[in-house]
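The values are calculated or read from the model by the stated rules, or taken from the named source; none is laboratory data. As the structure is a prediction and not an experimental result, all values here were calculated from the model. When we count neighbours, we look across all protein chains shown, and the Cβ atoms used for this are built from the backbone with ideal geometry, even at glycine.
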Amino acid sequence: MKLLLIFLASLCVGHAVEQDLSEKVFVFPVSSANSYVKPIATLEQPLTAATLCMRYFSSLSRTQTLFSLATPAHPNAFLLYKPSVGVYQLHINDVSLNVPGLPDQTGKWNSVCWTWDSNSGLNTLWVNGKRSGRKILGAKASITGVPSIILGQEQDSYGGDFVQAQSFVGDITDVHLWNSTISPCEIKFYMKGRAFTPGNLLNWKNLHYSIAGSVYEEQSDFDKLNCS
Ligand SMILES: *[C@@H]1O[C@H](CO)[C@@H](O)[C@H](O)[C@H]1NC(C)=O
């Protein structure tokens with residue numbers, strides 16, 4: 001049964017590949033409701049803590065979606081969204097929280113890390129080396145079921161219902177996801193482009209994913225020296 005499910009899941013994602021994307025970015029050049037990347041992550045047990053790190057480069061000033069993880073029960077199970085420039089919005093199991101006051105540079109790389117621990121409910125958002133005050137969201141929550149992860153679009157239902165006005169336009173790279181909170185040192189290493197322990201649920205150096213629509217893989221221009 002488990003094998004059959006794995007087989008069926010692999011049919012649904014189309015031509016999934018597994019690749020080391022070090023020094024690569026995904027480019028989303030057009031605003032659309034059908035261009036996206038679907039990274040595959042397997043949860044061995046429900047998520048009760050997580051860290052997401054990623055970098056994005058965008059020239060858009062409208063709403064956009066940075067990372068969308070849906071479960072069968074919650075389209076916005078773990079969602080990082082930007083309602084406008086300079087405002088980040090965290091969602092856990094369809095409850096949201098705005099985080100203003102952090103860097104959001106238009107036409108430059110932004111490095112973001114979000115840590116969440118359901119035990120305390122504490123969330124911290126880091127952007128370009130600065131961090132937010134700690135905020136409560138997702139206390140005692142757990143993220144269960146097979147996750148559907150999408151880059152480039154926002155899932156209004158499990159695996160679909162994308163809206164062009166919420167799509168991402170620009171470049172995304174270095175996406176890592178852990179089932180734990182990682183240390184401030186690891187986060188600082190990540191932000192500066194230095195060595196860090198890669199994500200155990202999503203690892204950019206060994207990403208299993210499929211692509212739909214107009215998405216391109218290009219060389220990364222994230223400037224590591226600038227960030228030292
Ligand atoms: C985290 O993920 C690893 C690998 O899937 C798993 O072995 C471990 O049990 C998970 N830990 C927690 C706390 O979920």
Given the conditions (1) modelled with pLDDT of 95 or more; (2) part of a strand (DSSP E or B), report the number of the one that Pro75 does not fulfil.
(2)
Does region 78-87 hold any residues that are in a strand (DSSP E or B) and in contact with a Ser or Thr (Cβ under 8 Å, 6 or more places away or on another chain), and which are they?
Leu79, Leu80, Tyr81, Lys82, Pro83, Ser84
Grab the strands (runs of 3 or more DSSP E) fully contained in region 95-175, keeping just those with 1 or more residues being surrounded by fewer than 16 Cβ atoms within 10 Å (Cβ to Cβ).
95-100
Being within 16 Å of the ligand (Cβ to nearest atom) and not small (Gly, Ala, Ser) is the filter here; which residues of region 156-192 pass it?
His176, Leu177, Trp178, Asn179, Thr181, Ile182, Glu186
What pairs come out if I take residues in region 27-45 that are in contact (Cβ under 8 Å) with a residue 40 or more places away in the chain and pair them with residues that are in a loop (DSSP other than H, G, I, E, B) and within 13 Å of the ligand (Cβ to nearest atom) whose C-beta lies under 7 Å away, six or more apart or interchain?
Ala41/Pro147; Ala41/Leu201; Leu43/Pro147
I want to confirm something. Restricting to region 37-53 and keeping residues that are in a strand (DSSP E or B) and touching a Phe, Trp or Tyr at 6+ places or on another chain (Cβ under 7 Å), which single residue is nearest to the ligand (Cβ to nearest atom)?
Ala49
For region 195-217, the count of residues that are in contact (Cβ under 8 Å) with a residue 24 or more places away in the chain, over 13 Å from the mean Cα position of the chain (by Cα) and in a loop (DSSP other than H, G, I, E, B) equals 3
Looking at this structure, is Ser68 within 21 Å of Ile149 (Cβ to Cβ), buried (at least 23 other Cβ atoms within 10 Å of the Cβ), away from the ligand (no atom under 16 Å from the Cβ) and polar (S, T, N, Q)?
yes
